[in-house]
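The values are calculated or read from the model by the stated rules, or taken from the named source; none is laboratory data. Bear in mind that the values here come from a model prediction, so they are computed numbers and not experimental data. No Cβ is skipped: glycine too gets one built from the backbone with ideal geometry, and neighbour counts run over all protein chains shown. All accessible areas refer to the heavy atoms of the entire protein, side chains included, with ligands and DNA or RNA removed. Shrake-Rupley method; radii C 1.70, N 1.55, O 1.52, S 1.80 Å.
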Amino acid sequence: MAVVVLAVIAFFSFGKKGSQQSAKTVTVTVGTVGATKAERAIWKSVAATAKKKYGIIVKTKNFSDYNQPNSALKSGDLDLNAFQHYNFLNNWNKANKSNLVAIGKTYIAPIRLYSLKYKSLKSLPKGATIAIPNDTTNEARALLVLKNAGLITLKGTSATKLYSVADIKNNPKNFKIKEVATEQAARVLKSVDAAVVNNDYANPAGLGDKQTIYVEPINKDSYQWINVIVARKKDKNKKAYKEVVKAYQTEKTKQLYKKYYGIKQVAAWDAKF
């Protein structure tokens, strides 16, 4: 009889302990934007690592608009988000009087200068027309690409300034810099000599290594384009959130980058700038 009683007590004690452990399980919801098959696969892998190593359940919530995840994070509807680079985050904070902070780097996707007519930078003739995106952020990034390619120089040496064509200091080959809508850069490539095209539009347009004449380098100029995992400032040191970052920054994630993106997406957490 005593053995039975002890067994019952042990059962209920174990059950109670198990219940307490379940109650302590942490769920972290991460906001993403326009999640592709590749990104879903990456976050599925991150979630598996987070659960196995840290006992954290990672869920993702996908948005269609780039401003929604920051608003949702600010209001507390999300725990973290992962869709933006430093430049976007800094400008969003200024515009919305917010203080969201980056707590971990994810990747950088170098953009490229493409041409259907020429095979190299050296073969671009004097007076060639180069198309660049016309929105503030992407125009600045494109101009820094042209600067690093040695085609132009810019006024000042800031790595975070939002340059415009008015900031071109020297243009020794008198290239015609044509500003076009970001989504049109790939489409106008047939009618210009070269174009800086964002990856979101280059890939669907079938632009790849064959049409590439220059790749954005990973240096101080490109640091602001590193994508990051973001939290509210008051939560930046939460253990669970730091563990989600660790679950992301793994060799497995790098392998998935390579599988889905080849060399077009590079891990930024251990890159040298």
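Brief remarks on what is shown
- Hey, residue 207 among the hydrophobic types (A, V, I, L, M, F, W, C), in contact with a helix residue (DSSP H, G or I) (Cβ under 6 Å, 6 or more places away or on another chain) and under 24 Å from residue 36 (Cα atoms) or not: no
- Among the residues of segment 32-46, those that are touching a residue at least 40 places away in the same chain (Cβ under 8 Å) and of a type in the set (A, V, I, L, M, F, W, C) comprise 33, 38, 41, 42, 46.
- Scope segment 30-59; condition in a strand (DSSP E or B) and open to solvent by 80 Å² or more (accessible area, probe 1.4 Å); matching residues: 59
- A residue that is at pLDDT 95 or above and out of contact with any Ser or Thr (no Cβ under 7 Å at 6 or more places or on another chain) occurs somewhere in segment 214-224.
- Taking segment 60-139 and the strands (runs of 3 or more DSSP E) fully enclosed by it, the elements with 1 or more residues that are basic (Lys, Arg) are at 101-105, 112-114.
- Counting only helices (runs of 4 or more DSSP H) wholly contained in segment 156-273, the ones carrying 2 or more residues that are surrounded by 15 or more Cβ atoms within 10 Å (Cβ to Cβ) and small (Gly, Ala, Ser) occupy 239-248.
- Look at segment 47-63: where a residue is without any contact (Cβ under 8 Å) to a residue 40 or more places away in the chain and a partner is part of a helix (DSSP H, G or I) and polar (S, T, N, Q), sitting 6+ places away or on another chain with Cβ atoms under 9 Å, you get 55/21.
- Of all residues assigned to segment 84-99, at least one qualifies as being over 22 Å from residue 138 (Cα atoms), open to solvent by less than 60 Å² (accessible area, probe 1.4 Å) and without any contact (Cβ under 8 Å) to a residue 60 or more places away in the chain.
- Segment 124-151: number of residues that are free of Cβ contacts under 8 Å to residues at least 40 places away in the same chain and surrounded by fewer than 20 Cβ atoms within 10 Å (Cβ to Cβ): 2
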